[in-house]
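Structure, as structure tokens:
The values are calculated or read from the model by the stated rules, or taken from the named source; none is laboratory data. Given the structure is predicted, the values throughout are model-derived calculations rather than measurements. Counting neighbours? That spans all protein chains shown, and the Cβs are built from the backbone with ideal geometry, glycine included.
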């Protein structure tokens, strides 16, 4: 109690204000009072994005816009995919086989994470399980989860590492190198599965703003790898765009300003920078 009182005396007014605002936002979410924490209908989302009323009338039109727009640009390698692929094959010919091998392991439901080899998270993927300790996090509001409790959740970092979806880049590279639509279909399946299993604000994958940021970055890389593929459907793009919008709101609401202001806050800022830069349609 003395330690807590001493810590409270040393807290600045600004920290109290920020933490209080975040606590109130989490309370409103738990009570189902926050509209900003709910998944919108297609119509509401399209109207929200429109620079003018009725600019986008369907998810298909929105995806066509994303495919055809000339700005903002992603990294220069995406300006001319064929030249990028040619240059890659010329410089690192042995890496092509390794990338395809890693991507195929993902297709088989095996993941190399944090030094663990070929971990299985089930088929279909269970996005809430920690497979080493065989612990599964419950689907409750993220603020109710004490993810530091290893006895209950296992090593949260293993669960989070999968849910960062950074392996989407490997699947994207394999797709560019082979034009095998299986890699696009796998990413689309994982996106739809993840969004269905992780409703806004529920579960361990919403419990850290840094994880929300990293996942958002991975999704934007995936969009740029797969946007021209016929296997990447408007419905998948629509659900992903909605979640990216909610992710951005979540990040700006729950920045780790007074939790871990170095590593966490920097990563969260990067996530907001990616979303804000690559999706200016988000008013």
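A few comments on the model shown:
- Summed over the range 135-166, the residues that are at pLDDT 90 or above, part of a helix (DSSP H, G or I) and more than 26 Å from residue 32 (Cα to Cα) give a count of 6.
- Single residue of the range 29-51 satisfying the filter (farther than 21 Å from residue 234 by Cβ and over 23 Å from the mean Cα position of the chain (by Cα)) that is modelled with the highest pLDDT: 31
- Any hit, the range 165-174, residues being touching a strand residue (DSSP E or B) at 6+ places or on another chain (Cβ under 9 Å) and over 21 Å from residue 266 (Cα atoms): yes
- Which listed residue is under 30 Å from residue 168 (Cα atoms), free of Cβ contacts under 8 Å to residues at least 60 places away in the same chain and assigned to a helix (DSSP H, G or I), from 5, 46: 46
- Of all residues in the range 236-272 being over 13 Å from the mean Cα position of the chain (by Cα), assigned to a helix (DSSP H, G or I) and more than 19 Å from residue 194 (Cβ to Cβ), the one that is modelled with the lowest pLDDT: 263
- Scanning the range 84-139 for residues that are over 25 Å from the mean Cα position of the chain (by Cα) and surrounded by 14 or more Cβ atoms within 10 Å (Cβ to Cβ) gives 84, 85, 88, 96.
- Residue list for the range 273-283, restricted to those being within 16 Å of the chain's Cα centre (by Cα) and surrounded by fewer than 17 Cβ atoms within 10 Å (Cβ to Cβ): 273, 276, 277
- Residues satisfying the stated conditions in the range 28-43, i.e. free of Cβ contacts under 8 Å to residues at least 12 places away in the same chain and assigned to a loop (DSSP other than H, G, I, E, B): 31, 32, 33, 34, 41
- Yes/no for residue 169 being touching a residue at least 12 places away in the same chain (Cβ under 8 Å), crowded, with 21+ Cβ neighbours inside 10 Å and within 27 Å of residue 93 (Cα to Cα): no
- Residue 171 being assigned to a helix (DSSP H, G or I), within 13 Å of the chain's Cα centre (by Cα), within 19 Å of residue 125 (Cβ to Cβ) and modelled with pLDDT of 95 or more: no
- Qualifying residue in the range 199-212 (condition: modelled with pLDDT of 95 or more, over 24 Å from residue 61 (Cβ atoms) and surrounded by fewer than 18 Cβ atoms within 10 Å (Cβ to Cβ)): yes
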